[in-house]
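What follows is a set of notes on a single structure, which appears directly below.
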Amino acid sequence: MTSIGSLADRLAVGEVVARLAAAQDACDWAGLRLLLADRVGLDLSRHLGVPAGEISAEDFVDRARSVAGGFTATHHLTANLVVDLEADADRASCRAHVLAHHHLRDAPDPHDAVCVMHGTWDLLLRRTGTRWLVEELTVARTAPLEGNADLYTRTATGGRL
């Protein structure tokens, strides 16, 4: 039987996932930072081919800003969250399915202005006081990118179509 405390923790972890998506979409970089441990394991190898590694929370936010902030709009939808609490209840893992739309309004061809990613976020979180913080994030694509796959590179390098 699941305890009330366990349900509250599962809800809190789900809230972190929702805020992680919402902060990126709103370009709320201060809000994004509040969700992260001081050091974050980041694995984008199965999404963008970037090797996994550990980075500071500030570097995580800077990377998110350089990519997501380069789009005219993004919309991250998360669903099917599966939360597992460790026995000590101060650590949790969560898998979320993600559908992420990325849009550049100034593309010469509207068909080149959109890139959609289907995938998963696998997170490891740690409770610090009353807050859950992301310690690790793995982003994996589960299908080929739809639309203009070059948009990630162009926004991260400041280039435009």
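The values are calculated or read from the model by the stated rules, or taken from the named source; none is laboratory data. Being a predicted model, the structure only gives us computed values, none of them experimental. Note that each Cβ is placed from the backbone with ideal geometry, even for glycine, and that neighbours are counted across all protein chains shown. These area figures cover heavy atoms from the full protein model, side chains too; ligands, DNA and RNA do not enter into them. Shrake-Rupley method; radii C 1.70, N 1.55, O 1.52, S 1.80 Å.
Per residue, the solvent-accessible area of region 1-40 (1.4 Å probe, heavy atoms of protein chains only, all protein chains present) comes to 54 Å².
Largest GNM mean-square fluctuation across 106, 88, 25, computed for the chain with C-alpha springs under 10 Å, falls on 88. For the chain, modelled as a GNM whose springs connect Cα atoms under 10 angstrom apart, the maximal fluctuation among 23, 68, 12 occurs at 12. Computed about the Cα centre, the dipole magnitude for region 55-143 is approximately 180 debye when only Lys and Arg (+1) and Asp and Glu (-1) carry charge, each at its Cβ. Taking all protein chains together and a 1.4 Å probe, the residues 118, 102, 111, 75 rank 111, 75, 118, 102 from largest to smallest accessible area.
May I ask you to derive the relative contact order of region 1-92, considering only C-alpha pairs under 8 Å and at least 6 residues apart, and to give it as an integer percent? It comes to 32 percent, rounded to a whole number. For residue 36, the residues 5 or more places off, or on other chains, whose built amide H falls under 5 Å of its own are 134.
What accessible area per residue, rounded to a whole number of Å², is obtained for region 65-132 using a probe radius of 1.4 Å?
That works out to 52 Å² per residue.
Ligands, DNA and RNA left out, the accessible area of region 39-148 computed with a 1.4 Å probe is 52% carbon and sulfur. In a Debye calculation with equal point scatterers on the alpha-carbon sites of region 39-95 and no solvent, what is log10 I(q)/I(0) at q = 0.24 Å⁻¹? Each listed q maps to, in turn, -1.17. Once you divide the Cα radius of gyration of the chain by 2.2 N^0.38 Å, the number left is 1.07.
Taking only the Cα atoms of region 8-73, the radius of gyration and Dmax are 12.4, 36 Å.
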